[in-house]
Amino acid sequence: MNSPVEEIVSVTEQLKEVQKALDLFKEKQQKRESASDAAVEFVEKASLVLDRAERKEIRLTEDQKRRIRNNLLKIRSSLVKNQEN
């Protein structure tokens, strides 16, 4: 297992990537552009981070996991709504 400092750096970098993907999705959504590519990117990155946390490869707080899952649900619901229109 990595040292605590290496693990913090790893988790930080992964969460930054998840946040960037979420920000891109929100930006495209606000501009009413097609956000599906950004949504897919966020879902992929967030899912990888959650999978690693579940396998105990990285440590996330329950709040961090909850927030990522909530964003996944919001994006899914947004995509479903857009497909219906």
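Among the residues making up segment 16-59, a single one is closer than 25 Å to residue 6 by Cα, over 10 Å from the mean Cα position of the chain (by Cα), of a type outside the set (Gly, Ala, Ser) and open to solvent by less than 20 Å² (accessible area, probe 1.4 Å): 58. Residue pairs whose Cβ atoms lie under 8 Å apart, separated by 6 or more positions or on different chains, with the first residue in segment 21-46 and on the phi > 0 side of the Ramachandran plot and the second open to solvent by 50 Å² or more (accessible area, probe 1.4 Å) and at pLDDT below 80, do not occur. Of all residues in segment 18-37, none satisfies the criterion of being at pLDDT below 85, closer than 18 Å to residue 67 by Cβ and in contact with a Lys or Arg (Cβ under 9 Å, 6 or more places away or on another chain).
The values are calculated or read from the model by the stated rules, or taken from the named source; none is laboratory data. Nothing here was measured: the structure is a model prediction, and the numbers come from that model. Cβ coordinates were reconstructed from backbone atoms using ideal geometry, including for glycine residues, and neighbour counts include every protein chain displayed. For accessibility, only protein heavy atoms count, side chains too; no ligands or nucleic acids. Shrake-Rupley method; radii C 1.70, N 1.55, O 1.52, S 1.80 Å.
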